[in-house]
Amino acid sequence: MLTKTQLKILEIFTSKIDRKFSINELSLILKKPYPLIHRSIKDLVKVNFLILDERKLLSLNYKSNFVTLSFVESERTKNALLDKKSISLFVKDCLSSIKEDFFIFLIFGSFVDKEKFNDVDIIIILDDKEKVKKTENIIHNLASNFSFKTDIQVLSKESAYEMLSKREQLNILNESLNKHLIVFGGENYYRLLANGRG
């Protein structure tokens, strides 16, 4: 079970998946005493949520603990959407309209870290490329009922793997690693990431 401090620490790492942080940086970001952060991190390293490198920098172990990472992401997303009623309604409509067993729904880009926004970038990942166009049409139709602008990208799992494997290439999935909210499919997202970035 995570403490409140550990949850906050993991929220930082899940929001910036490919960044590394020092304990001091985390202490400053969270505005918490260094000893508290140090203690919390020691436990997170011990249970393999975080990886400590030779330079004493920490990174997220996104290759395991999928259930916990999914929980952390859902908490982050819930807090981010709390006072954004129109986006929450749009998300609810989307989730009830996508009738797939496997899908991942991400909001990414400037919406994630800005208070005022004028557009919402969305990535939906499906298991089958045959379903991409149909899902894209459904989401575009739903988006037309709202006043904000949307940029919707629907991808197959195959395309997602291809994008993630090209670590240095600027593409929407690599861009979303450090600026995303996982609305649905957190466990699947981390599995995809673990397999795609190997």
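Remarks
- Checked against (1) touching a helix residue (DSSP H, G or I) at 6+ places or on another chain (Cβ under 6 Å); (2) outside the structural domain of Tyr161 (by TED's automatic domain parsing), Lys56 passes all but a single condition, namely (1).
- Residue check, Ser88 more than 11 Å from the chain's Cα centre (by Cα) and in a helix (DSSP H, G or I): yes
- As a summary of the residue check, Arg55 satisfies the conditions (1) out of contact with any Asp or Glu (no Cβ under 9 Å at 6 or more places or on another chain); (2) part of a helix (DSSP H, G or I) except for the one numbered (2).
- Residues located in the range 141-195, provided they are assigned to a helix (DSSP H, G or I), within 18 Å of Glu100 (Cα to Cα) and of a type outside the set (Gly, Ala, Ser): Asn141, Leu142, Lys157, Glu158, Glu187, Asn188, Tyr189, Arg191, Leu192
- Residues considered: Lys46, Lys8, Lys99. Of these, the only one that is modelled with pLDDT of 95 or more, among the basic types (Lys, Arg) and surrounded by fewer than 17 Cβ atoms within 10 Å (Cβ to Cβ) is Lys46.
- Figure legend. Inter-residue proximity from the range 150-161: first residues closer than 14 Å to Phe108 by Cβ, second residues in a strand (DSSP E or B) and of a type in the set (D, E, K, R), beta-carbon distance below 9 Å, spacing 6+ or different chains. Indicated pairs: Thr150/Asp119; Thr150/Asp121; Asp151/Asp119; Asp151/Asp121; Ile152/Asp121; Gln153/Asp121.
- Residues of the range 162-198 classified as on the phi > 0 side of the Ramachandran plot and either of a type in the set (Val, Ile, Thr) or in contact (Cβ under 8 Å) with a residue 60 or more places away in the chain (or both), total: 1
- Of all residues making up the range 102-116, the number that are outside any strand (DSSP E or B) and either at pLDDT 90 or above or assigned by TED's automatic domain parsing to the domain that holds Ser15 (or both): 1
- The single residue among Ile122, Ile138 that is surrounded by 12 or more Cβ atoms within 10 Å (Cβ to Cβ) and touching a residue at least 40 places away in the same chain (Cβ under 8 Å) turns out to be Ile138.
- Lone qualifier among Ser156, Ser165, Ser147 - being within 23 Å of Ala80 (Cβ to Cβ) and either outside the structural domain of Lys20 (by TED's automatic domain parsing) or within 17 Å of the chain's Cα centre (by Cα) (or both): Ser147
- Only one entry in Lys20, Lys16, Lys32 is farther than 29 Å from Asp121 by Cα, touching a Leu at 6+ places or on another chain (Cβ under 9 Å), surrounded by 15 or more Cβ atoms within 10 Å (Cβ to Cβ) and not assigned by TED's automatic domain parsing to the domain that holds Ile124, namely Lys32.
The values are calculated or read from the model by the stated rules, or taken from the named source; none is laboratory data. This structure is a prediction, so every number in the text was calculated from the model and none was measured. Don't worry about glycine lacking a Cβ; one is built from the backbone with ideal geometry, like all the others, and counts go over all protein chains shown.
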